[in-house]
1. Checking the structure you have, find out if any residue of the stretch 241-260 is of a type outside the set (D, E, K, R), over 22 Å from Y166 (Cβ atoms) and at pLDDT 95 or above.
2. Only residues that are assigned to a strand (DSSP E or B) and within 17 Å of the chain's Cα centre (by Cα): list them for the stretch 127-148, please.
3. I'm trying to understand the selection: among the residues of the stretch 182-202, which are surrounded by fewer than 14 Cβ atoms within 10 Å (Cβ to Cβ) and either over 22 Å from the mean Cα position of the chain (by Cα) or not in a loop (DSSP other than H, G, I, E, B) (or both)?
4. Could you run through the stretch 203-221 and say how many residues are exposed (fewer than 14 other Cβ atoms within 10 Å of the Cβ) and within 14 Å of V192 (Cα to Cα)?
5. Say we look at the stretch 83-96 and pick out the residues that are among the aliphatic types (A, V, I, L, M) and part of a helix (DSSP H, G or I); which of these is nearest to the chain's Cα centre (by Cα)?
6. Quick one: which residue in I271, I179, I242, I251 is of a type in the set (A, V, I, L, M, F, W, C) and surrounded by fewer than 19 Cβ atoms within 10 Å (Cβ to Cβ)?
7. If you go through the stretch 102-126 one residue at a time, how many are outside any loop (DSSP other than H, G, I, E, B) and closer than 30 Å to M66 by Cβ?
Amino acid sequence: MRPPFRLLVLPGDGIGVEVTDAALRIVEWFMPRLGVEVAIEHGLVGGAAIDAHGVPITDAVVARAMAADAVLFGAVGGPRWDALPIARRPEAGILRLRRDLDLFANVRPAFCFDALVDRSSLKPELVRGLDLVIVREATAGVYFGQPRGEETLPDGTVRVIDTQAYTADEVRRVAAFAIDLARGRSGRLCSVDKANVMETGRLWRHTVAAAAASHPDIALSHMYADNCAMQLVRQPRQFDVIVTDNLFGDILSDAAAMLTGSLGMLPSASIGPLVGGRRRALYEPVHGSAPDIAGRGIANPLAAILSFGMALRFSFGDEAAARRLEAAVAHVLATGLRTADLADAGDAAVSCARMTRAVLDALDRGAASDAPDALLAEA
């Protein structure tokens, strides 16, 4: 008998709780249709874990995450914990998960649904049909480099140090992941660095080029990070797959997110190495905890729902199910339903629960017709 698929749910703080609850309703819809039993566990992370246990994540929850097939993550953080030292703040919980689970490849797609073209900050002709992916190295670089900290110089000057550090192996494995991803798309890969001014950038460029050299089906290009930021707002559809380091990926992926209309729309996946036939993985929306709207029931659940769609693709290996979910979301948006982050001023916005119910209804209709793509024509 096939063992159950183990899913650990870590809602976190703020709207992370609301949108994760919404995603779980979608998980429950798919469970009888996946051909495998799904065993769901729950845990605390971020501010919720600090309040309960004094730390942003406990050793026990990390151990459960390491034993799980996938983690469904919400969001962490909020003003009530901002005064804590960096190592004890809610964000340290997600950083530890990335480090301990070795989730080295953060995958952030940026796609623009046809119904949301007018919500982008760019002209419709620039973003219509946008479909790119940023692969961000997530377990090294300046967020993890040593030494780091604060010191006082003999003259009383305070100096703060963060270290940007990479090994060739760390670059090589994320490059290999991005190459495989590009191969399943258009075969175009753009590597982003600052090789003109940074030693790590030179290592990055040389290592990615060497990794791609044995793959003649991959069209590799290189771009400086500042130029890439400009090109994302100038002509974003020139990109298909972008691979870059931790810091640049963090910045560029948020810029790419706004091309699509709202941070509330975009999912992400953090993927680990292949061990024993499986990859550890964590799935989360790219938006934050949004404490200003938490508890009001107005958060957009679609990024969290689509994050589970990425789990269907990468962890369950079920491309058809992932496409079914994406078609359901596209259909709902095409009917005109909008949460507050997507609605125009003065227009009625639906609640988080209403948007979730609409996606479930669309899934039901697609399941009944066994042709989910037909939903798009009906809208």
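The values are calculated or read from the model by the stated rules, or taken from the named source; none is laboratory data. As the structure is a prediction and not an experimental result, all values here were calculated from the model. Cβ coordinates were reconstructed from backbone atoms using ideal geometry, including for glycine residues, and neighbour counts include every protein chain displayed.
1. Scanning the stretch 241-260, I find no residue that is of a type outside the set (D, E, K, R), over 22 Å from Y166 (Cβ atoms) and at pLDDT 95 or above, so the answer is no.
2. D131, L132, V133, I134, V135, R136, E137
3. N196, V197, E199 - these are the residues of the stretch 182-202 that are surrounded by fewer than 14 Cβ atoms within 10 Å (Cβ to Cβ) and either over 22 Å from the mean Cα position of the chain (by Cα) or not in a loop (DSSP other than H, G, I, E, B) (or both).
4. Residues in the stretch 203-221 being exposed (fewer than 14 other Cβ atoms within 10 Å of the Cβ) and within 14 Å of V192 (Cα to Cα): 2 in total.
5. Initial filter on the stretch 83-96 (among the aliphatic types (A, V, I, L, M)): 83-84, 86-87, 92, 94-95.
Imposing the further condition that a residue be part of a helix (DSSP H, G or I) reduces the set to 86-87, 92, 94-95.
Details: I86: 22, A87: 22, A92: 17, I94: 12, L95: 14 Å.
Ranking the candidates gives I94 first.
6. On the way: I271 fails: surrounded by fewer than 19 Cβ atoms within 10 Å (Cβ to Cβ); I179 fails: surrounded by fewer than 19 Cβ atoms within 10 Å (Cβ to Cβ); I242 fails: surrounded by fewer than 19 Cβ atoms within 10 Å (Cβ to Cβ).
It is I251.
7. If we filter the stretch 102-126 for residues that are outside any loop (DSSP other than H, G, I, E, B), which is where we start, we get 105-111, 114-119, 124-126.
If we keep only those that are closer than 30 Å to M66 by Cβ as well, we get 105-110.
Matching residues across the stretch 102-126 total 6.
Okay, residues lined up against (1) of a type in the set (V, I, T); (2) free of Cβ contacts under 8 Å to residues at least 60 places away in the same chain; (3) over 17 Å from A178 (Cα atoms):
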{"position": "N196", "(1), (2), (3)": "no, yes, yes"}
{"position": "P216", "(1), (2), (3)": "no, yes, no"}
{"position": "V233", "(1), (2), (3)": "yes, no, yes"}
{"position": "P236", "(1), (2), (3)": "no, no, yes"}
{"position": "I242", "(1), (2), (3)": "yes, no, no"}
{"position": "L252", "(1), (2), (3)": "no, no, no"}
